[in-house]
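Worksheet: one structure, shown below.
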């Protein structure tokens, strides 16, 4: 009997660079500043609240859209921070992490042949998800210079066609650490005005914006919010990336379509975590204090790197720091990241991995969401490069 042959839906996709670099770091005993997760725990109070929910028997399926108390807390937070009142019943859905939210938004909105504009470098799930939906990814590269990365809105406007269905944006931006400002949202609003183009706004690092600057959520701008899926992540905000709990906010008409897909690709998200998060969100301090928490780590890391031969790029948001290494090596980004992991014992991620065509700029990305002692050990090793 012949062996079934499966034709790949994603023939160009292999093991992610994050897995490869984390495995290499483990193999060589390197400090892992590659993959973006903390090496410290969350607030014990959050764990207590989840345990209380488990012990109270809240362990069965919750409502498909999420525990009502959590959706109400999310709605209240968005309204307090950004001024938009999303209806907790019809416009907020709790998801199995932000990636599932992003995937579901694309699958519910993008039809075969639809074009989706993606700004690169980009989080690695956007492009293959568009392809899974039968859509056509249209990539536009950010400009990078002495002042870091910026979005070329003129090129995005030029990339719009009658087939454009969606524009994907990400702020604060992974991997570059840049943030969108009011002028950026104005430019985006001008591009989509008078069209039926949707916006998918990845805002998982919304509470990591530094130096007194403000996160410009798409939720804040009525011109954009009315056509946008806005995605965020409890894992990033509360240092529990392994819980895989996120959410999406969108107008009721968009959310109705989102939930049609959501109910079949995940249906519900783990119940006790949702109840624990709902209770924890009664106190806004943990997310309001997050910018100061991570800015101190950013500043510690940048001060140490300033003594090295790396060239620092701006890091206005996220917990990532990008650096040029042209004063050290002329290796490709992937080769340099591997050399750094093997020989210097510090793992980084090549920014070229965030481009569909592997665009090279001589830049790698470090993650500073680590304990101070982890960062100091990495800096000791990087000082000798």
Could you tell me whether any residue of segment 249-271 is in a helix (DSSP H, G or I) and under 30 Å from residue 382 (Cβ atoms)?
-> no
Among the listed residues 71, 84, which satisfies the condition of being touching a helix residue (DSSP H, G or I) at 6+ places or on another chain (Cβ under 8 Å), more than 23 Å from residue 163 (Cα to Cα), in the same structural domain as residue 235 (by TED's automatic domain parsing) and buried (at least 19 other Cβ atoms within 10 Å of the Cβ)?
-> 84
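Scan segment 60-69 and give yes if some residue there is outside any helix (DSSP H, G or I) and without any contact (Cβ under 8 Å) to a residue 60 or more places away in the chain, otherwise no.
Residues of segment 60-69 outside any helix (DSSP H, G or I): 60-67.
With without any contact (Cβ under 8 Å) to a residue 60 or more places away in the chain added as a condition, the list becomes none.
No.
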Going by the conditions given, is residue 115 farther than 17 Å from residue 231 by Cβ and either under 17 Å from the mean Cα position of the chain (by Cα) or not assigned by TED's automatic domain parsing to the domain that holds residue 271 (or both)?
-> no
From the residues in segment 353-385 that are without any contact (Cβ under 8 Å) to a residue 60 or more places away in the chain and part of a helix (DSSP H, G or I), which one is nearest to residue 241 (Cα to Cα)?
-> 373
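How about segment 185-206: which of its residues are in a loop (DSSP other than H, G, I, E, B) and surrounded by fewer than 23 Cβ atoms within 10 Å (Cβ to Cβ)?
Listed by number, the residues that qualify are 193, 194, 195, 196, 197.
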Could you run through segment 12-30 and say how many residues are over 24 Å from the mean Cα position of the chain (by Cα) and assigned to a loop (DSSP other than H, G, I, E, B)?
-> 2
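Of the residues in segment 280-295, how many are part of a loop (DSSP other than H, G, I, E, B) and free of Cβ contacts under 8 Å to residues at least 40 places away in the same chain?
Start the filter on segment 280-295 by keeping residues that are part of a loop (DSSP other than H, G, I, E, B), which leaves 281-284, 289.
Add one more test, that the residue is free of Cβ contacts under 8 Å to residues at least 40 places away in the same chain, and what stays is 283, 289.
The number of residues fulfilling the criteria is 2.
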Give the residue that is surrounded by the fewest Cβ atoms within 10 Å (Cβ to Cβ), with candidates limited to residues of segment 296-316 that are within 21 Å of the chain's Cα centre (by Cα) and either at positive phi or not in a helix (DSSP H, G or I) (or both).
-> 314
Which of the residues belonging to segment 2-23 are in contact (Cβ under 8 Å) with a residue 40 or more places away in the chain and surrounded by fewer than 18 Cβ atoms within 10 Å (Cβ to Cβ)?
-> 9, 10, 13, 16, 18
What pairs can you find where one residue is in segment 296-314 and in contact (Cβ under 8 Å) with a residue 40 or more places away in the chain, the other is surrounded by fewer than 16 Cβ atoms within 10 Å (Cβ to Cβ) and part of a helix (DSSP H, G or I), and their Cβ atoms are less than 7 Å apart, with a gap of 6+ or different chains?
-> 300/372
How many residues of segment 326-352 are in a loop (DSSP other than H, G, I, E, B), touching a residue at least 24 places away in the same chain (Cβ under 8 Å) and touching a helix residue (DSSP H, G or I) at 6+ places or on another chain (Cβ under 6 Å)? The answer is 2
Could you please let me know if residue 137 is touching a strand residue (DSSP E or B) at 6+ places or on another chain (Cβ under 7 Å), modelled with pLDDT of 95 or more and under 30 Å from residue 41 (Cβ atoms)?
-> no
Hey, can you tell me all the residues within segment 78-91 that are more than 17 Å from residue 227 (Cβ to Cβ) and either in contact with a strand residue (DSSP E or B) (Cβ under 9 Å, 6 or more places away or on another chain) or part of a helix (DSSP H, G or I) (or both)?
-> 79, 80, 81
Is there a residue being closer than 30 Å to residue 157 by Cβ, in the same structural domain as residue 69 (by TED's automatic domain parsing) and surrounded by 20 or more Cβ atoms within 10 Å (Cβ to Cβ) anywhere in segment 257-270?
-> yes
Residue within segment 146-158 that is in contact with a helix residue (DSSP H, G or I) (Cβ under 8 Å, 6 or more places away or on another chain), part of a loop (DSSP other than H, G, I, E, B) and without any contact (Cβ under 8 Å) to a residue 40 or more places away in the chain present = yes
Here is a list of conditions, (1) surrounded by 17 or more Cβ atoms within 10 Å (Cβ to Cβ); (2) in contact (Cβ under 8 Å) with a residue 40 or more places away in the chain; (3) outside any helix (DSSP H, G or I), and residue 180 meets all of them except one; can you say which number that is?
-> (2)
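The values are calculated or read from the model by the stated rules, or taken from the named source; none is laboratory data. These numbers were taken from a predicted model, which means no experiment stands behind them. Cβ coordinates were reconstructed from backbone atoms using ideal geometry, including for glycine residues, and neighbour counts include every protein chain displayed.
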